[in-house]
Amino acid sequence: MDHQHPPAVTAYLAAEGDATALAACFTPTGGVNDEGRTHLGADAVAAWHAGASTAFEYTSTVVGQERLGDQAYRLTKHLEGDFPGGVVDLDHLFALDGDRIAFLFITVRQAAS
């Protein structure tokens with residue numbers, strides 16, 4: 001699989017594990033919606049990532065990617081760990097603003113019918 005992500009997505013993936021560095025990948029008014037909750041601004045994004053990354057132990061693998069236009073990108077990650085259910089595929093839908101993330105929406109990937 002070709003892993004040539006947009007620069008903002010590459011920076012986001014490189015920053016995973018460092019909440020402050022990850023928050024710096026977003027625009028000043030950027031945000032994340034994960035598990036039905038929205039987190040806006042650098043402090044809220046950093047707090048979200050710090051909590052989400054330590055709540056459970058898991059591994060993640062990028063299993064899909066798709067450009068959705070000039071300023072949108074989908075990244076699919078497969079997670080396995082000690083969270084309820086133990087296995088899930090998550091779509092990360094990025095709204096991009098140049099080399100930064102304007103908004104990230106994370107949702108459970110729906111099985112193809």
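Brief remarks on what is shown
- Translational diffusion coefficient of the chain (Stokes-Einstein, Kirkwood radius from Cα pairs, 25 °C, 0.890 mPa s): 172 µm²/s.
- For the chain, a crude dipole built from +1 on the beta carbon of Lys and Arg and -1 on the beta carbon of Asp and Glu, taken about the Cα centre, is about 200 debye to the nearest 20.
- Environment charge of Trp48, counting only residues whose C-beta is closer than 13 Å and scoring Lys/Arg +1, Asp/Glu -1: -3
- Relative contact order for the range 7-108: 27 percent, from Cα pairs under 8 Å spaced at least 6 residues apart, divided by residue count.
- Taking only the C-alpha atoms of the range 52-113, Rg followed by Dmax gives 12.9, 36 Å.
Each value in this text was obtained by applying a stated rule to the coordinates, not by laboratory testing. Just so it is clear, the model here is predicted, and its values are computed rather than measured. We place every Cβ from the backbone using ideal geometry, glycine too, and count neighbours over all the protein chains shown.
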